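**Q** Could you have a look at this structure, given as structure tokens, before my questions?
The values are calculated or read from the model by the stated rules, or taken from the named source; none is laboratory data. Quick caveat, the model's predicted, so the values are computed rather than measured. So basically every Cβ, Gly included, is an ideal-geometry build from the backbone, and we count neighbours across all protein chains shown. Please note that ligands, DNA and RNA were not included when accessible areas were found on the heavy atoms of the full protein model with its side chains. Shrake-Rupley method; radii C 1.70, N 1.55, O 1.52, S 1.80 Å.
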Amino acid sequence: MPRHSRLNIVLQNVIRLFNKCYSYYLTTAMDVSGMRTNYNERSNLFLEEYLEIKEPLYLFDKWFKIVKNDPRTVEPNAMCLATATTDGKPSARFVLLKGYSKDGFIFFSHYTSRKGQELEDNPHAALTFYWEHYSRSVSPCELEGIAKRLPFSEADSYFNKRPYQSQIGALCSDQSKAISGRNVLSVREQELKKQYSEGQVPRPPLWGGYIIQPTSIEFWQGQTDRIHDRIRFRRPKDNEPDGVLTHEAEDGWVYERLCP
């Protein structure tokens with residue numbers, strides 16, 4: 001048998017073996033059920049009596065500052081923002097918290113992005129923070145509330161403080177829109193840098209801020225035995241607090257413990 005014929009047979013066998021392995025890979029689920037980590041022990045519980053001030057923004061501020069001052073934390077203000085269309089199709093992505101107070105939680109984005117379009121049609125949103133080193137979070141510090149646009153004057157104030165490259169990046173992107181390749185952005189970036197020097201970059205006309213005004217805030221702390229601690233603050237319903245399941249908090253909130 002000629003040498004090239006033998007090589008063709010070997011090649012065909014290799015291709016068949018590859019196709020068989022690839023087919024097996026596609027039809028076999030990856031088992032990650034054994035992946036788990038330890039959280040807090042019983043010596044570090046999150047109990048109601050530890051709430052020296054029973055007000056959710058006070059507690060968020062306390063936890064946030066602990067995480068922010070820990071050098072192990074890369075981005076303590078990273079949060080997952082969940083939005084949904086009017087017919088209930090959800091989407092989620094990470095954004096950066098840029099301010100918070102009793103009025104709500106602030107972030108900035110393009111109003112024409114997917115999240116911007118969804119918030120325009122359906123202002124209900126949720127935020128989740130996860131702070132790994134503390135097996136805590138406000139994780140989820142679940143924040144359910146209504147998103148409202150901030151005045152453009154506040155967007156201008158924040159945009160003008162951003163680094164030059166971040167300003168250029170925001171201006172060259174029509175966020176969430178499909179493009180033919182990264183080179184489209186690279187070309188646009190260079191054009192804008194020729195057009196605008198540092199300190200001269202204008203805010204994109206449809207780029208601005210949002211504030212999410214929470215109606216419910218849940219604090220979670222993981223326990224190794226999986227009997228996690230969950231305390232939720234929310235606005236009271238009729239006949240609440242009842243002193244059994246719901247308890248009076250400050251500034252018009254009630255709080256309750258949830259099963260993990």
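Rundown of residues vs (1) within 30 Å of residue 36 (Cβ to Cβ); (2) surrounded by 19 or more Cβ atoms within 10 Å (Cβ to Cβ), yes/no style:
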{"site": "132", "(1), (2)": "yes, no"}
{"site": "135", "(1), (2)": "yes, yes"}
{"site": "166", "(1), (2)": "no, no"}
{"site": "180", "(1), (2)": "no, no"}
{"site": "193", "(1), (2)": "no, no"}
{"site": "200", "(1), (2)": "no, no"}
{"site": "211", "(1), (2)": "no, yes"}
{"site": "228", "(1), (2)": "yes, no"}
{"site": "231", "(1), (2)": "yes, yes"}
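**Q** Can you find a residue in the stretch 249-256 that is open to solvent by 60 Å² or more (accessible area, probe 1.4 Å), under 21 Å from residue 45 (Cα atoms) and assigned to a strand (DSSP E or B)? Write out each step before concluding.
**A** At the first step, the residues of the stretch 249-256 found to be open to solvent by 60 Å² or more (accessible area, probe 1.4 Å) are 250-251.
Now drop any that are not under 21 Å from residue 45 (Cα atoms), which leaves none.
No: zero hits.
**Q** Do you know which residues across the stretch 201-252 are touching a Ser or Thr at 6+ places or on another chain (Cβ under 6 Å) and either over 26 Å from residue 124 (Cβ atoms) or among the aromatic types (Phe, Trp, Tyr) (or both)?
**A** Hits for the stretch 201-252 are 220, 222.
**Q** Output yes when any residue across the stretch 46-68 is farther than 30 Å from residue 247 by Cα, touching an Asp or Glu at 6+ places or on another chain (Cβ under 7 Å), assigned to a loop (DSSP other than H, G, I, E, B) and modelled with pLDDT of 95 or more, and no when none is.
**A** no
**Q** Checking residue 80 against (1) touching a residue at least 12 places away in the same chain (Cβ under 8 Å); (2) open to solvent by less than 70 Å² (accessible area, probe 1.4 Å); (3) within 24 Å of residue 226 (Cβ to Cβ); (4) assigned to a loop (DSSP other than H, G, I, E, B): exactly one of these is not met. Which one?
**A** Single failed check for residue 80: (4).
**Q** Let me ask you something else. For the stretch 214-230, indicate whether the set of residues that are among the aromatic types (Phe, Trp, Tyr) and touching a Pro at 6+ places or on another chain (Cβ under 7 Å) is non-empty.
**A** yes
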